[in-house]
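Take a look at the structure set out below.
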Amino acid sequence: MKRIKIEGGKILSGTINISGAKNSAVALIPAAILSDEEVVIDNVPTISDIDALQEILEYLGASIKKEGSKMIINATSIQNKEIPEAVSRKLRASYYFMSSLLGKYKYVEMYFPGGCSIGARPIDQTLKGYRALGATVIEKENKFTIYADELVGSEIYLDMPSVGATVNVMLAAVKAKGETIIENAAREPEIVNVATFLNSMGAKITGAGTSSIHIDGVSYLGKAFTEVIPDRIEAGTYIIAGALIGNKLKINNIIPEHIDSLLQKLIEVGCDIEITPSSVIISQVKNGKAINVKTLGYPGFPTDLQQPLSTLLTQLNGESILEETIYENRFQNIEYLVNMGADIQIDGNKIQVKGPTPLVGKTVVATDLRAGACLVLAGLKANGETIIENIEHVLRGYEDIVGKLSKIGAKIELEEYN
Ligand code: EPU
């Protein structure tokens, strides 16, 4: 197993370059198999979630070439095989293959996907979408068998703007007969990235980025190129690091508009932020004001930044309230923050954070990806040594976190342990 060791209190300065977005890349790769020609995805991050998807691609028989951060995929001669459960369970995004295979072959067998254990995370909206397109869904224990003679466009209203269901319905409907409309669609930038890629293959999707997406089914998808958008959550995590312990820390290669909800909150705290079209420069906030934050779908405050933000809240003057509205179990980081010196009460889906409280280094555990990011931030700020165990969760989603943080002045090491 792997853990990260951090000697806290080092000022972070210089430039950190943001990688391609995990949550885009993990949808673009399964989308690639819908094409009957070679496709190129550039700016793919080097993270373990991508390795897991590559394993699935190879298992299905796709040819993959890598040139730097470019992934060149040719799925012309793949086989529609059942993906082993152990592989599906490695990550949430494995179920995007379920939709691409269904869209391409009108038949798929697949197991329930994995992902961070931050809530129940049902997939009922995706299944509702498949059924609306005319598919039969047979669910037996953990396994789904889904098939249709023909997929036919339909109007699908999502009960909540689910990112996964929106992507899944787009993938399944892109080659369906006629028009599909997804109402109450998620509006995350990652959805736009996927729709743009599919359109570059020849799909006819409009409205991505709004809550109403129209898909005119096409019969053939071909050559395509796309670039993964910058990772807004990775960017947000390092911006929070800058607010905690930065000195003119530049977070580069970002789309600031994608993290406007975070930047507005940091301005409310009193952070001095310089925003350029592709970067943010931020320093440690002095006498920062407590804030209230509620997580929402895009363009609201992202749930994925809620845990990293909680570390900053411990350093603000007064009581902050953070409300999580997306997941039922996304406060597993709090017991460790408290152990490091934070004053935090959990009250249902809210936490009350009283600050400022000094943080001290401890041995803690990353229970999920963003909980791990929260604890890395706490370790960077804390006095003394912090050891974060189970760091594999973090390596799933943050490219070269140790290298990037070392380059801007952190004292951080990755090591093996038993
Ligand atoms: N939901 C349902 N039924 C469904 C689908 C969703 O009840 O059929 C509920 C979920 O349980 C959750 C809410 O709706 O309470 C939102 O879920 P959504 O489907 O939007 O999330 P997701 O697609 O599973 C993606 C990201 C998550 C991110 C969320 C919200 C990927 C691979 N994952 O998950 O990322 O938190 O959207 O923005 O894109 C992370 O990166 O740390 C992460 C967990």
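The values are calculated or read from the model by the stated rules, or taken from the named source; none is laboratory data. Since the model is a prediction, treat every value here as computed from it, not as a measurement. All Cβ positions, even for glycine, are placed from backbone atoms using ideal geometry, and neighbour counts span all protein chains on display. We work out accessible area using only protein heavy atoms, side chains counted, and drop any ligands, DNA or RNA first. Shrake-Rupley method; radii C 1.70, N 1.55, O 1.52, S 1.80 Å.
Please specify each residue of region 302-347 satisfying the condition of being in contact (Cβ under 8 Å) with a residue 60 or more places away in the chain, surrounded by fewer than 16 Cβ atoms within 10 Å (Cβ to Cβ) and not polar (S, T, N, Q).
Listed by number, the list holds a single entry, 328.
Does region 37-58 contain any residue that is more than 16 Å from the ligand (Cβ to nearest atom), in a helix (DSSP H, G or I) and touching a Leu at 6+ places or on another chain (Cβ under 9 Å)?
Checked against the condition, which is being more than 16 Å from the ligand (Cβ to nearest atom), in a helix (DSSP H, G or I) and touching a Leu at 6+ places or on another chain (Cβ under 9 Å), region 37-58 yields no hits at all.
Given the structure, is residue 34 away from the ligand (no atom under 16 Å from the Cβ), crowded, with 23+ Cβ neighbours inside 10 Å and not in a strand (DSSP E or B)? Before you say what the answer is, go through the steps one by one.
Numbers: away from the ligand (no atom under 16 Å from the Cβ): yes; crowded, with 23+ Cβ neighbours inside 10 Å: yes; not in a strand (DSSP E or B): yes.
Taking the combined requirement at face value, the residue satisfies it.
Output the residues belonging to region 4-26 that are assigned to a strand (DSSP E or B) and of a type outside the set (Gly, Ala, Ser). Talk me through it step by step, then tell me what you get.
At the first step, the residues of region 4-26 found to be assigned to a strand (DSSP E or B) are 4-7, 12-17, 20.
Residues satisfying the conditions are 4, 5, 6, 7, 12, 15, 16, 17.
Among the numbered criteria (1) in contact with a Lys or Arg (Cβ under 9 Å, 6 or more places away or on another chain); (2) open to solvent by 10 Å² or more (accessible area, probe 1.4 Å); (3) part of a loop (DSSP other than H, G, I, E, B), which one does residue 81 miss?
The one condition residue 81 does not meet is (1).
Name the residue that is surrounded by the most Cβ atoms within 10 Å (Cβ to Cβ), counting only residues in region 348-362 that are outside any loop (DSSP other than H, G, I, E, B) and more than 26 Å from the chain's Cα centre (by Cα). Working first, answer last.
First, the residues of region 348-362 that are outside any loop (DSSP other than H, G, I, E, B): 350-355, 360.
Subset that is more than 26 Å from the chain's Cα centre (by Cα): 354-355, 360.
On the way: 354: 17, 355: 19, 360: 15.
For region 348-362, the residue satisfying everything is 355.
Give, as residue ranges, the strands (runs of 3 or more DSSP E) completely inside region 269-346 that count at least 2 residues that are among the β-branched types (Val, Ile, Thr).
Counting at least 2 such residues, we get 273-276, 279-282.
Could you list all residues from region 122-173 that are part of a loop (DSSP other than H, G, I, E, B) and more than 13 Å from the ligand (Cβ to nearest atom)?
133, 134, 135, 141, 142, 148, 149, 150, 151, 153, 154
Please find, within region 105-121, the residue that is farthest from the ligand (Cβ to nearest atom) out of those that are more than 25 Å from residue 221 (Cα to Cα) and not hydrophobic (A, V, I, L, M, F, W, C).
111
Across region 197-207, what is the number of residues that are open to solvent by 30 Å² or more (accessible area, probe 1.4 Å) and assigned to a strand (DSSP E or B)?
2
Do we find that residue 269 is more than 18 Å from the chain's Cα centre (by Cα) and either under 30 Å from residue 34 (Cβ atoms) or among the hydrophobic types (A, V, I, L, M, F, W, C) (or both) in this structure?
Yes: the conditions hold for residue 269.
Return the pair list, or none, for Cβ contacts closer than 7 Å from residues in region 407-418 that are at positive phi to residues that are open to solvent by less than 30 Å² (accessible area, probe 1.4 Å), at least 6 apart or on different chains.
Final answer for the pair search is 409/12.
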